Amino acid sequence: MAWPFFSLAKTRRTKPIDFQMGNVTILVEATPEHGMASIWDADILIWAASQIVEARDRGRATSRLIATTPHEILTFTGRGTSRDNYNRLKAALDRLQSTSVATSLRQQHQRRRHRFSWINEWQERLDSNGRPMGIELILPDWFYAAVIDQSLVLTIDRAYFSLTGGLERWLYRIVRKHGGRQSGGWSFDVAHLHLKSGALSPLKRFAYELRTIAARQSLPGYRLTIEGSFGHERLSFVATEPDLYDLALRRIGTRAKAKAVDNRP
């Protein structure tokens, strides 16, 4: 969730993301025809992950092949269902399919890189009269394996889909990953965040946008603060409400305690 895999811009991006931090390398390349997959396009992957997790939790078989309707994806991600929205969905699928990713993440040997596209392939299903019946898409093994691994999946607030800024969305992913289960919150150096975002904007502009987001307090479930002067700024965030995971643990603990009380001699 927190690595620079997607374009944060609303305009077409073709310049690659070439990122390296420690042993982690990520190279994201786009085609001139479609441009790089954006963080809004990634909503389709969030929807796909939710389908796989739900099937797994209910004991049903899961697969990298998913059949659905545009209406289901659009309503899940809070989009309209007009023809224009349907066309935008198809354009997003094209970007996800044509964007190439090579990364060392989750590779046993750090020198080895896994290369994939966010969607291996997709197609429309039509009836005998040529009317659309739905779509089928095939997810890459790298993504599918991560979703099946329960430790790598986090829930997100439905309000995430209402966030309109690319940096805002990426920042929520960072905060959700690092601040979700930390009672005292978390903090990052702004220059570090700028590097990790893969954004094309210079550091000065990036820092200004972070301050604007912190002033609005628009990230659901978290409170943000920025301290320090330019070049030495640090972003801190803390949850404003208990994490769902923590609530579940508390309920389990409460039931265990009640059972122990009931069983006293």
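The values are calculated or read from the model by the stated rules, or taken from the named source; none is laboratory data. Since this is a predicted model, take the numbers as computed values, not measurements. Every residue, glycine among them, receives a Cβ derived from its backbone with ideal geometry; neighbour counts consider all protein chains shown.
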When every residue in region 148-162 that is over 26 Å from Arg79 (Cβ atoms) and polar (S, T, N, Q) is compared, the one modelled with the highest pLDDT is Gln150
For region 121-141, does any single residue satisfy the condition of being free of Cβ contacts under 8 Å to residues at least 40 places away in the same chain, within 21 Å of the chain's Cα centre (by Cα) and under 30 Å from Val24 (Cα atoms)? yes
Index of the failed condition, Thr11 passing every other in (1) more than 18 Å from the chain's Cα centre (by Cα); (2) surrounded by fewer than 17 Cβ atoms within 10 Å (Cβ to Cβ); (3) part of a strand (DSSP E or B): (3)
Tabulated pairs, region 64-76, first under 12 Å from Lys90 (Cα atoms), second assigned to a helix (DSSP H, G or I) and polar (S, T, N, Q), C-beta under 9 angstrom, 6+ apart or interchain: Pro70/Asn85; Leu74/Asn85
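Any idea how many residues of region 18-63 are in contact (Cβ under 8 Å) with a residue 24 or more places away in the chain and more than 20 Å from the chain's Cα centre (by Cα)?
The initial filter retains those residues of region 18-63 that are in contact (Cβ under 8 Å) with a residue 24 or more places away in the chain, namely 19, 21, 23-31, 33-50, 52-53, 56, 62.
Checking which are more than 20 Å from the chain's Cα centre (by Cα) leaves us with 23, 31, 33-34, 62.
The total comes to 5.
Output the residues belonging to region 214-241 that are among the aliphatic types (A, V, I, L, M), more than 21 Å from the chain's Cα centre (by Cα) and surrounded by 13 or more Cβ atoms within 10 Å (Cβ to Cβ).
Quick first cut of region 214-241, residues among the aliphatic types (A, V, I, L, M) only: 214-215, 219, 224, 226, 235, 238-239.
Now narrow it down to the ones that are more than 21 Å from the chain's Cα centre (by Cα): 215, 226.
Residue satisfying the conditions is Ile226 alone.
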When every residue in region 91-114 that is at pLDDT below 95 and charged (D, E, K, R) is compared, the one surrounded by the most Cβ atoms within 10 Å (Cβ to Cβ) is Arg113
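Would you mention how many residues in region 31-66 are among the acidic types (Asp, Glu) and closer than 20 Å to Glu168 by Cβ? Spell out the reasoning first.
Of all residues in region 31-66, those among the acidic types (Asp, Glu) come to 33, 41, 43, 54, 57.
Filter once more, so that each one left must be closer than 20 Å to Glu168 by Cβ: 41, 43.
The total comes to 2.
Which of the residues spanning region 185-213 are among the small types (Gly, Ala, Ser) and either within 20 Å of the chain's Cα centre (by Cα) or surrounded by fewer than 18 Cβ atoms within 10 Å (Cβ to Cβ) (or both)? Break it down stepwise before answering.
Taking region 185-213 as the starting set, the residues that turn out to be among the small types (Gly, Ala, Ser) are 185, 187, 191, 197-199, 201, 207.
Answer for region 185-213, where residues must be among the small types (Gly, Ala, Ser) and either within 20 Å of the chain's Cα centre (by Cα) or surrounded by fewer than 18 Cβ atoms within 10 Å (Cβ to Cβ) (or both): Gly185, Ser187, Ala191, Ser197, Gly198, Ala199, Ser201.
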Which condition breaks for Arg169 when tested against (1) among the charged types (D, E, K, R); (2) touching a strand residue (DSSP E or B) at 6+ places or on another chain (Cβ under 8 Å); (3) surrounded by 18 or more Cβ atoms within 10 Å (Cβ to Cβ)? (2)
